[in-house]
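Beneath this line is the structure, given in C-alpha cells, with notes to follow.
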Amino acid sequence: MLKETVRFVADLCEEYPEIQNVMCGLQSAYCQRGSVSREFFGLTKIYCHRLEWADDFRKVDDQILKFAATVPEEKTYYYYDMFRERLEGRLEPTTSGHGAIDLILPGCHKASGLKRLAKRRGISPEQCAAFGDGGNDIEMLKYCGHSYAMTNAPEEVKRAAKYVCPSNEEDGVLVTLEELFLS
C-alpha cells in the first residue's frame, strides 16, 4: 500500500471516532494509541498474534497490506458505502457484516490468494473447496470448484456459491467436509 494511501485512510478514519482500526502489515498488525481501547487491543491480539501499539499509523515503518475496521454493527453498510465512495480507486472495502470492514488493495481478495497457492501447489480451481458467509467471500466462492455458502449467508453470497451448506451454528463446514472426504 502506498504511504499516501495509508495517510489518507488514517486521516479519513479520524473523521469518524467510532471506527476502531487495525492496520495490518507484513511485519505486524498495529492499533493506534488513543483510537482504540485496551480491551479492543486485547481482543484483537487473539486474532493478530503479532500486534503492536503505534503512536501514529502514518509513521509506522512496515509494508501495509490492509486495514481492518470495526464499526458499530448497525452501521456496517453505512460505513461500507462511505469507504467505497471516499476510497474509490485507492482501496476496496469488503465486509463479512457484523461491523467488520476490510480495506484492501483492488484485486487483492481471498480468491487472489487462493489462485497463487493453487498455482504453487499445482492444484486446479476445480480441486479447491471454499466456504463463505459474507461479501468478502464472493470472489473465493466463484473461483473454487466446490463452493459452499452457509445457509445464513446473504443472498448475494449464496448466488456466488455452487452449493449451500448448514450454518456455522450447525457445524456446516465440518459436516460438509466430512461428506466431501467420504465421497
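The values are calculated or read from the model by the stated rules, or taken from the named source; none is laboratory data. The structure displayed is predicted, hence computed values, not measured ones. In this analysis, Cβ positions are derived from the backbone assuming ideal geometry, glycine residues included, and neighbour counts consider all displayed protein chains. Keep in mind that these areas ignore ligands, DNA and RNA; they rest on the heavy atoms of the full protein, side chains included. Shrake-Rupley method; radii C 1.70, N 1.55, O 1.52, S 1.80 Å.
When each of the peptides 25-35, 167-177 is scored by the mean number of other C-beta atoms lying within 10 Å of its residues, the order from highest to lowest reads 25-35, 167-177.
When shorter helices are ignored and each DSSP H run of at least 4 residues is given -39500 (n - 2.57), the per-residue value for the chain at 222 nm works out to -11000 deg cm²/dmol. Rounded to whole Å, the principal axis extents of the Cα atoms in segment 50-104 read 32, 24, 16, largest first.
Any chance you could count the Lys pairs in the chain whose alpha carbons are under 16 Å apart, treating pairs 8 or more apart or on different chains as valid?
Working: 3/59; 3/66; 66/110; 110/119; 110/142; 115/142; 142/158; 142/162.
For the chain, the number of qualifying lysine pairs is 8.
Calculated on C-alpha atoms, the gyration radius of the chain divided by its Kirkwood radius gives an Rg/Rh of 1.00. Just checking the listed ones, 82, 140, 23: in the Gaussian network model of the chain with Cα springs under 10 Å, the one fluctuating most is 82.
Hey, can you find the accessible area per residue of segment 1-94 for me, probe 1.4 Å, expressed in square angstrom?
Working: 5640 Å² over 94 residues.
Here the per-residue accessible area is 60 Å².
For segment 34-71 versus segment 142-173, the spacing of their alpha-carbon centroids is 30 Å. Listed as lacking a disulfide-compatible partner in the chain: 13, 24, 31, 48, 108, 165, by the criterion of no other cysteine Cβ under 4.7 Å. Counting only protein chain heavy atoms and rolling a 1.4 Å probe, the accessible areas of 117, 141 rank, largest first, as 117, 141.
Percent of Cα pairs in segment 1-99 per distance bin of 10 Å, from zero to the largest separation: 15, 51, 33, 1. Shape summary of segment 61-142, radius of gyration then Dmax from alpha carbon positions: 14.3, 42 Å.
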